[in-house]
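Here the structure is laid out as structure tokens; the discussion comes afterwards.
The values are calculated or read from the model by the stated rules, or taken from the named source; none is laboratory data. Since we're looking at a predicted model, the values are computed, not measured. All Cβ positions, even for glycine, are placed from backbone atoms using ideal geometry, and neighbour counts span all protein chains on display. Note: accessible area is taken over every heavy atom of the protein model, side chains too, but ligands, DNA and RNA are not part of it. Shrake-Rupley method; radii C 1.70, N 1.55, O 1.52, S 1.80 Å.
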Amino acid sequence: MRDTLDLSTLGLGELILRAVEDTRRWVSTNTNLGIIMLLTPLSAAAGMVDSGDLQGLREQVNRLILQTTSEDAVNLYRAISTAEAGGMGEHDTLDVNDPASQQRIIDENITLFDTLKMSADWDLIARELTSSMPVTFNVGFPVFKGTVEEHGMNRAVVQTFLTILSRFPDTLISRKYGEEIAVEVSEEASDIVDRGGVLTAAGLRRVEKFDRKLYRMGWNPGTTADLTASSVMVGLLDYYSELG
């Protein structure tokens, strides 16, 4: 891997947009925007580093985001608009649904990194992508790796999800229902994790009850699901590197 490689020509924003557009060809709603935003740079970076070099993978993702362009930012805004993701990309000065905002991005050379940074205080996906993916690499992946061999894929994924949710209030819930509800959900997840999560009989019963409550209330920890997906992807990259 060469640190001097120019990554600005990759077209990260276009790759995200194309993935969102492909999704809309198959389903009428788009619930995987956050997954696309996280897995696209991970996928690109994985092809640029040695197999098993997770630190290099993380550093390369960061370089990709830092070297994005204003064209990437416009394509990201188009992707968000296409996905009809409520609450994303909207702030005081730039709005995904305003053509003038897209022109301003080009005129002022506002990069994809810049636009994500504007949203990082209230959107965990944006924060993840602008800070070297700490939730994915420091929280989600270690839980997944430490669980999957003994307990299997399904329980490892759920345990990873619960652990992330217990430590980081879900920003999709926060945007839709308020910070107080997001914190309440995280506190309940934390209590479940303290009881063993899906790895104990008592914890599993609490998980099932928790799941029913979330469904009944309409509280969807969608951001947590996205971060679980990126954590699992890193886990799979690590697993297959060990096989090789």
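Mean-square fluctuations from a GNM of the chain, with a 10 angstrom spring cutoff on Cα atoms, peak among ASN30, ASN138, ASN62 at ASN138.
Convex hull volume per residue, computed on the Cα atoms of region 91-244, equals 126 Å³. Each Cα pair under 8 Å and six or more residues apart adds its separation to the average, and for region 120-212 the resulting relative contact order is 21 percent.
For region 116-244, what is the accessible area per residue in Å², given a 1.4 Å probe and the full set of protein chains?
On a per-residue basis, region 116-244 sits at 49 Å².
In the chain, helices alone account for a calculated mean residue ellipticity at 222 nm of -21500 deg cm²/dmol, with every DSSP H run of four or more residues adding -39,500 (n - 2.57). For ARG167 and LEU66, the FRET efficiency from 1/(1 + (r/R0)^6), where r spans their Cβ atoms and R0 equals 30 Å, is about 0.70.
Length gained on full extension, ALA202 to GLU187, computed as 0.36 nm times the residue gap minus the Cα-Cα distance: 3.7 nm. Expressed as a whole percentage, what fraction of the accessible surface of the chain belongs to carbon and sulfur atoms when a 1.4 Å probe is rolled over the protein heavy atoms? Of the solvent-accessible surface of the chain, carbon and sulfur hold 49 percent. What is the calculated FRET efficiency for GLU179 to ASP98, with r their C-beta to C-beta distance and R₀ = 41 Å, to the nearest 0.05? Computed FRET efficiency for GLU179 and ASP98: 0.95. For the residues LEU54, LEU172, LEU124, a GNM of the chain with alpha-carbon springs under 10 Å puts the largest fluctuation on LEU54.
Note the full-extension length gain between MET217 and TYR240 as 0.36 nm times their separation in residues minus their Cα-Cα distance, in nm to one decimal. Spell out each step's value before the answer.
Working: separation 23, 0.36 × 23 = 8.28 nm, distance 3.90 nm.
The MET217-TYR240 span can extend by a further 4.4 nm.
Largest first and in whole Å, give the semi-axes of region 198-244's equivalent ellipsoid, each being the square root of 5 times a Cα gyration tensor eigenvalue. All intermediate terms of the calculation are to be shown ahead of the outcome.
Details: eigenvalues 168, 53, 5 Å².
Gyration-tensor ellipsoid for region 198-244: 29, 16, 5 Å.
Principal axis extents of the Cα atoms in region 6-58, from largest to smallest and rounded to whole angstrom, are 38, 23, 13.
Which order, highest average first, do 176-186, 204-214 follow once you tally other Cβ atoms within 10 Å for each residue and take the mean per peptide?
Details: 176-186: 16.5, 204-214: 14.9.
Result, highest mean first: 176-186, 204-214.
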